[in-house]
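Engineer: Got a structure here, written out as structure tokens. Questions coming.
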Amino acid sequence: MSDITFAPCRKKMVAEGLPAVAIAAFEQCFDLIAAGETGMIAEAQIEPIDALPDSTTFVADDARLTDALSRTVVIKLNGGLGTSMGMSGAKTLLPVKGESNFLDIIAGQLLTLRARYGCRLPLVFMNSFTTRADTLAHMRAYPDLKLEGLPLDFLQHKVPRLRCDDLRPLEWPDNPDQEWCPPGHGDLYTALVTSGMLGKLLEQDFEYAFVSNGDNLGAVLDPRILVWFAGKQLPFAMEVADRTESDKKGGHLARLRTGGLTLREVAQCPDAEVDAFQDFLRYRYFNTNNLWLNLRRLDATLTRHEQVLPLPLIRNQKHAEPSDKSSPAVYQAETAMGAAISLFEDAAAVRVGRERFAPVKTTCDLLLLWSDRYVLDGQSHVRLNPSATAECVVSLDVGYFADIGEFQKRFAHGAPSLSAATRFDVCGDVSFGRDVVVRGAVKVEAAPGETRHIADSSVLEG
């Protein structure tokens, strides 16, 4: 493939109206793929981390906190459509506690922090083209959140999917949307620049940003971590939590043998080293995707790199039509925002409790959040119910529960009580009545071709 050039991709992106910086960022990934780079991070390049600062030991001095909060912005990544749950709209519009959806709870968290500390603390969303309109329409219910001269959101970009055989941008007239893909949340830095949001924040004297996923309601701004981050004058910090068996397939933190920290995702692990990647006793910490940024240091780093951060490549191979394995193979070039930890010499990581990581990626996650295992307190914090068992694993039959519509139909009267459950497996076509209680480890099955209904007020045990 010696005759490969970026020209067809550039032409396609220009025609789509994408800004020059976004095109340059994608060209950087394209060049790596064309050179045969896979983005792999081998065991020989890294070593595990034994210990980190623990956020539970931090103390928030009032004077320092007031000063830091006056210069802090909260950024929520809100580009996800919940496609893994069969959705075509913003995942954060899903109800999670009563009638309240993710956006309602996030708004409540920000307004509570503002009232408690008397600070301006803006909330800004990084939306996608497909989540923007619905999100902004919903947020009109919270006019007090908007600050004068600061938009409520900015847009992430999209990039062409590349044919594996010739690295030309995919042409798929039957479904043109399949020609594009999101560039991963590493696009945060590019989008901050191209939208003008970074410039606006700096003009208004905002210096610190707390960044997290919109579907992670555990990611509330922690004043103690903010004071630690500001006091240490760090450029970048990542919140990490202890890995367990259930996290072994997720990205982990490591130290480069050449110095500095790095983030390794499973897509960056050579096949022969998957066992080592999944050794959660060796690689003890996973990335919660809760990040702290010093915006002035970020601006200086972007300037040094001509506005395009050299983030490590994540090369994902898919099919043009995900459900059709005979369709052409394509590469999706992505980057992770947490990978920027390797670009700052004095970047840090901090250990946090598991309560700061409660994302919803599947309907199994959603059922846990719906249920009484989690409670919504007066400060709009979603917390683990104090009376709940230490851990509960939910496994729902993907043939009947993966789609949000089918899921809601089968739990039409709400989630069962899971506060006393340790495991809840559902296999087959099962639906549930009101006030069902699950205790201990429970498996509910319907025979193939049959349906089963669990009656109101049933208590399922053992």
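The values are calculated or read from the model by the stated rules, or taken from the named source; none is laboratory data. Quantities reported herein were computed from a predicted structural model and do not represent experimental measurements. In this analysis, Cβ positions are derived from the backbone assuming ideal geometry, glycine residues included, and neighbour counts consider all displayed protein chains. Please note that ligands, DNA and RNA were not included when accessible areas were found on the heavy atoms of the full protein model with its side chains. Shrake-Rupley method; radii C 1.70, N 1.55, O 1.52, S 1.80 Å.
Engineer: Rounded to two decimals, what is Rg over Rh for segment 110-193 when you use alpha-carbon atoms and the Kirkwood radius? It would help to have the intermediate numbers written out before the result.
Structural biologist: Numbers: Rg = 17.8 Å, Rh = 15.5 Å.
Value, to two decimals: 1.15.
Engineer: For segment 77-122, give the percent of accessible area contributed by carbon and sulfur heavy atoms, probe 1.4 Å, rounded to a whole number. It would help to have the intermediate numbers written out before the result.
Structural biologist: Values: 870 of 1690 Å².
Whole-percent figure for carbon plus sulfur exposure: 51.
Engineer: Taking a 1.4 Å probe, which of 410, 255 shows the most accessible area, and what order do the others take after it?
Structural biologist: Details: 410 20, 255 85 Å².
Order by accessible area, largest first: 255, 410.
Engineer: I've got another one for you. With Cβ to Cβ distances under 10 Å as the rule, what net charge do the other residues near residue 13 carry (K, R +1; D, E -1)? List each step's numbers first, then the result.
Structural biologist: Numbers: positive: 10, 11, 12, 158; negative: 16, 27.
Cβ neighbours under 10 Å give a net charge of +2.
Engineer: Given Cα pairs under 8 Å that are at least 6 residues apart, what percent is the relative contact order of the chain? Please list the in-between numbers first.
Structural biologist: Working: 916 pairs, mean separation 83.3, N = 462.
About 18 percent, as a whole number.
Engineer: Also, quick follow-up: Of all the accessible heavy-atom surface of segment 293-411, with the other protein chains kept in place and a 1.4 Å probe, what percent is carbon and sulfur?
Structural biologist: Numbers: 2620 of 5360 Å².
Solvent-exposed carbon and sulfur of segment 293-411 make up 49 percent of the total.
Engineer: Okay, moving on. Can you return the aspartates and glutamates within cross-link range of residue 409? Criterion is Cα-Cα under 12 Å, with same-chain partners fewer than 8 residues away left out.
Structural biologist: Residue 409 reaches 429.
Engineer: Hey, another quick one. Distances longer than 22 Å among the Cα atoms of segment 211-334: what percent of all pairs is that? Mind showing how you got there, number by number?
Structural biologist: Details: 3980 of 7626 pairs.
The calculated P(r) of segment 211-334 puts 52 percent of pairs beyond 22 Å.
Engineer: Next question, about the same structure. In whole Å, what is the distance between the alpha-carbon centres of segment 167-185 and segment 1-67?
Structural biologist: A separation of 20 Å, based on Cα centres.
Engineer: So who's got an amide H within less than 5 Å of the one on residue 454, skipping anything under 5 residues away but keeping other chains? H placed 1.01 Å off N, in plane.
Structural biologist: Correct list: 431, 432, 433.
Engineer: How are the Cα pair distances of segment 185-258 distributed, in percent, across 10 Å bins from 0?
Structural biologist: That works out to 13, 36, 39, 11, 1, in percent per bin.
Engineer: Tell me which of 181, 197, 170 sits at the most positive position along the dipole axis of segment 156-199, charges placed on C-beta atoms (Lys, Arg +1; Asp, Glu -1).
Structural biologist: The residue sitting most towards the positive pole is 197.
Engineer: If you don't mind, there's one more thing I want to ask. Do you know the relative contact order of segment 344-403, to the nearest whole percent, from alpha carbon pairs under 8 angstrom that are 6+ apart?
Structural biologist: Details: 31 pairs, mean separation 18.1, N = 60.
In percent, rounded to a whole number, it is 30.
Engineer: Moving on. Taking the Kirkwood radius as the inverse of the mean 1/r across Cα pairs, report the Rg/Rh of segment 367-409. Present the calculation step by step, with values, prior to reporting the outcome.
Structural biologist: Values: Rg = 12.9 Å, Rh = 12.1 Å.
So for segment 367-409, dividing Rg by the Kirkwood Rh gives 1.07.
Engineer: Between segment 216-279 and segment 80-138, what's the alpha-carbon centroid distance in Å?
Structural biologist: 24 Å
Engineer: May I pose another question? At a 1.4 Å probe radius, which order do 381, 252, 185 fall into by accessible area, largest first?
Structural biologist: Numbers: 381 40, 252 0, 185 60 Å².
Largest to smallest exposure gives the sequence 185, 381, 252.
Engineer: Give the lysines reachable from residue 158 as a straight Cα distance under 24 Å; neighbours fewer than 8 places away on the same chain don't count.
Structural biologist: By straight Cα distance, residue 158 reaches 11, 12, 76, 91, 200, 318, 325, 361.
Engineer: Another one. Within the set of other residues whose C-beta is less than 9 Å from the C-beta of residue 442, count the net charge using Lys and Arg as +1 and Asp and Glu as -1.
Structural biologist: Numbers: positive: 423, 439, 443; negative: 425, 461.
Cβ neighbours under 9 Å give a net charge of +1.
Engineer: Under 5 Å between amide H atoms, partner at least 5 residues away or on a different chain: which partners does residue 290 have, H built in plane at 1.01 Å?
Structural biologist: Residues meeting the amide H criterion: 239.
Engineer: Something else now. Rounded to the nearest 10 Å², what accessible area does residue 228 have for a 1.4 Å probe in the complete protein model?
Structural biologist: Roughly 40 Å² of residue 228 is accessible to a 1.4 Å probe.
Engineer: Using amide H atoms built 1.01 Å from N in the peptide plane, name the residues 5+ places from residue 421, or on other chains, whose amide H lies under 5 Å from its own.
Structural biologist: Distant-sequence amide H within range of residue 421: 389, 440.
Engineer: Okay, moving on. Placing +1 at every Lys and Arg Cβ and -1 at every Asp and Glu Cβ, with all other atoms neutral, what dipole size does segment 103-211 have around its Cα centre, in debye to the nearest 20?
Structural biologist: Working: 11 positive and 15 negative charges, 80 e Å.
Here segment 103-211 has a charge dipole of around 380 debye.
Engineer: Can I ask one more? With charges only on Cβ, +1 for K and R and -1 for D and E, what is the dipole size of the chain about its Cα centre, in debye, rounded to 20? Intermediate results must be reported in sequence, preceding the final value.
Structural biologist: Working: 48 positive and 61 negative charges, 166 e Å.
I would put it at about 800 debye.
Engineer: Let me ask something additional. Give me the one-decimal nm value for the distance between modelled label points at residue 59 and residue 146, 7 Å along each residue's Cα-to-Cβ direction.
Structural biologist: Placing both labels 7 Å along Cα→Cβ, they lie 4.3 nm apart.
Engineer: Tell me which of 440, 384, 398 sits at the most positive position along the dipole axis of the chain, charges placed on C-beta atoms (Lys, Arg +1; Asp, Glu -1).
Structural biologist: Of the candidates, 384 comes out farthest on the positive side.
Engineer: Please sort 9-17, 309-317, 213-221 by packing, taking for each peptide the average over its residues of neighbouring beta carbons within 10 angstrom, highest first.
Structural biologist: On the way: 9-17: 14.8, 309-317: 19.6, 213-221: 23.8.
The most tightly packed comes first, giving 213-221, 309-317, 9-17.
Engineer: Another question, if that's okay. Could you give each residue of segment 50-64 its phi-based ³J(HN,Hα) in whole Hz, using Karplus coefficients 6.51, -1.76, 1.60 with θ = phi - 60°, and x for Gly or Pro?
Structural biologist: Along segment 50-64, the couplings run 7, 8, 9, x, 10, 5, 5, 8, 7, 10, 9, 5, 4, 5, 5 Hz.
Engineer: Measuring from the lowest to the highest alpha carbon on each principal axis, how far does the chain reach, largest first, in angstroms?
Structural biologist: Computed over the Cα atoms, the extents are 62, 62, 46 Å.
Engineer: Then there is this: Over the chain, with the other protein chains present, what is the accessible area per residue in square angstrom, probe 1.4 angstrom? Before the final figure, lay out each step's value.
Structural biologist: Values: 20210 Å² over 462 residues.
Value for the chain: 44 Å² per residue.
Engineer: OK, next. Would you kindly derive the ³J(HN,Hα) couplings of segment 450-462 from the backbone phi angles with the Karplus curve 6.51 cos²θ - 1.76 cosθ + 1.60 (θ = phi - 60°), listing them in order in whole Hz, with x for Gly and Pro?
Structural biologist: Whole-Hz 3J(HN,Hα) from phi for segment 450-462: 10, 10, 9, 10, 8, 5, 3, 6, 5, 10, 9, 9, x.
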